Amino acid sequence: MNFNLERGTSLGVVGESGCGKSMMALAIMGLLPDNMTASGEVQFGGNLLCLPEKELCQIRGNRISMVFQEPMSTLNPLLPIGFQVAESLRLHKSFSRHQAQQHASKVLDRVGLQSHKYSRSLYPHQLSGGQRQRVVIAIAMACGPELIIADEPTTALDVTIQAQILDLIAELVFEENMSLILITHNLGIVAENTDHMLVMYAGNIVESGPTKNVFEKLVHPYTRGLFSS
Ligand SMILES: Nc1ncnc2c1ncn2[C@@H]1O[C@H](COP(=O)(O)OP(=O)(O)OP(=O)(O)O)[C@@H](O)[C@H]1O
Ligand SMILES: [Mg+2]
């Protein structure tokens with residue numbers, strides 16, 4: 001696979017189930033399962049694939065964040081959400097407890113959880129799926145990363161909530177001039193939310209380019225199949 005992502009732009013990644021979208025994301029983050037290795041280069045300043053684990057840890061969550069499909073896989077069910085956002089800031093930014101709490105409140109406000117008076121002290125199970133995903137986005141954004149990788153961030157949500165969460169991600173990406181890799185099965189989501197797109201098939205890119213062009217051309221028969229299904 002070979003692709004570039006410029007600062008401030010968004011890339012949609014589509015392809016059938018099992019074609020390797022999530023593995024690609026995990027490879028970028030250095031989080032592949034033990035029985036898999038990535039070869040080649042992931043240039044992000046330097047080549048991420050060559051970095052020792054310790055340096056990768058400083059990039060993960062700090063300069064590159066991920067949002068997964070299921071918020072409960074990211075959140076700790078036993079800790080209040082405000083604490084979890086603050087914890088990420090303490091870990092990555094070495095904020096004091098007080099600084100981290102203050103900043104966490106701001107970030108929770110920004111992702112739309114301000115209407116909950118005591119939102120900081122709520123536990124994940126007290127929130128709806130959409131609200132939980134907002135907390136995950138708050139954690140992902142808290143440290144001001146340069147790149148967000150969102151792997152099916154809205155697949156587990158109701159359609160109406162999906163649009164709100166995608167709008168939130170798009171707003172934040174725009175405001176902070178971040179880059180976004182948005183992995184999804186949903187071509188409509190790619191059309192509305194990304195500048196460029198890749199179509200993957202069996203671990204390879206079979207189509208890529210500005211989203212508009214890919215939608216117009218549909219060169220590869222596989223892409224045509226995806227679009228007609
Ligand atoms: N580049 C690759 N080389 C070898 N095996 C791969 C590669 N990409 C994916 N696989 C295999 O395919 C499996 C499914 O890949 P992955 O989870 O990335 O699919 P996906 O596109 O995210 O699917 P879904 O849409 O269902 O989430 C992996 O567990 C892995 O075993
Ligand atoms: Mg996947």
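Using label points projected 7 Å from each Cα along Cα→Cβ, tell me how many nm separate Ser94 and Leu56, to one decimal.
Going by the 7 Å Cα→Cβ label model, 2.4 nm.
When only alpha-carbon atoms are used, what values of Rg and Dmax, in angstrom, describe the stretch 15-67?
In order Rg, Dmax, the Cα atoms of the stretch 15-67 give 11.4, 34 Å.
Using 5 Å bins from zero, what percent of all Cα-Cα pairs in the stretch 72-145 falls into each bin?
3, 19, 34, 27, 14, 3, 0
What ranking, highest mean first, results for peptides 124-134, 157-167, 79-89 when packing means the other Cβ atoms within 10 Å averaged over each residue?
Ranking, from highest mean packing down: 79-89, 124-134, 157-167.
Take the Cα atoms of the stretch 31-123, build their convex hull, and give its volume per residue in Å³.
Dividing the Cα hull volume of the stretch 31-123 by its residue count gives 137 Å³.
Within the stretch 143-223, report the GluC sites (Glu not before Pro) that DSSP leaves as loop and that have at most 14 other Cβ atoms within 10 Å.
Those satisfying the criteria are Glu176.
Among His103, His196, which comes first, then next, by fewest other beta-carbon atoms within 10 Å?
In order of increasing Cβ crowding within 10 Å: His103, His196.
Can you show me the helix-derived [θ] at 222 nm for the chain, built from DSSP H runs with n ≥ 4 at -39,500 (n - 2.57) apiece and divided by the number of residues, rounded to the nearest 500.
-12500 deg cm²/dmol
Rg and Dmax in Å for the stretch 100-229, alpha carbons only: what are they?
16.9, 52
Using only the Cα atoms of the chain, construct the convex hull and provide its projected area averaged over every direction, in square nanometres to one decimal.
Average projection, Cα convex hull of the chain: 12.7 nm².
Of the residues Met66, Met197, Met24, which exhibits the maximal mean-square fluctuation in a Gaussian network model of the chain defined by a 10 Å Cα contact cut-off?
Taking springs between Cα atoms under 10 Å, the residue moving most is Met24.
Between Leu79 and Asn213, what is the label-to-label distance in nm when each label sits 7 Å out along the Cα-to-Cβ direction?
That separation, rounded to one decimal, is 4.4 nm.
List the chymotrypsin sites (Phe, Trp or Tyr not before Pro) within the stretch 1-81 that DSSP assigns to loop and that have no more than 13 neighbouring Cβ atoms inside 10 Å.
Of the chymotrypsin sites (Phe, Trp or Tyr not before Pro), the ones in loops of the stretch 1-81 whose Cβ has at most 13 other Cβ atoms within 10 Å are Phe3.
So if R0 is 22 Å, what FRET efficiency would Ser39 and Ala202 give, r being the distance between their Cβ atoms, rounded to the nearest 0.05?
0.85
Please go through the stretch 136-227 and write out the trypsin sites (Lys or Arg not before Pro) that DSSP classes as loop and that have at most 16 other C-beta atoms within 10 Å.
On the way: sites: Lys212, Lys217, Arg224; in loops: none.
The qualifying sites: there are none.
Under a plain spin-label model, where a point goes 7 Å from the Cα along Cα-to-Cβ, how far apart in nm are Glu175 and Leu5?
2.0
Output the antiparallel fraction of DSSP beta bridges having both residues in the chain, as a percent to the nearest 5.
Numbers: 8 of 27 bridges.
Of all bridge pairs located within the chain, approximately 30 percent are antiparallel.
Laboratory data are not the source of any read-out in this text; all were calculated from the coordinates shown. Please read these numbers as outputs of a predicted model, since none were measured by experiment. Using ideal geometry, Cβ is built from the backbone for each residue, glycine included, and neighbour counts are taken over all protein chains shown.
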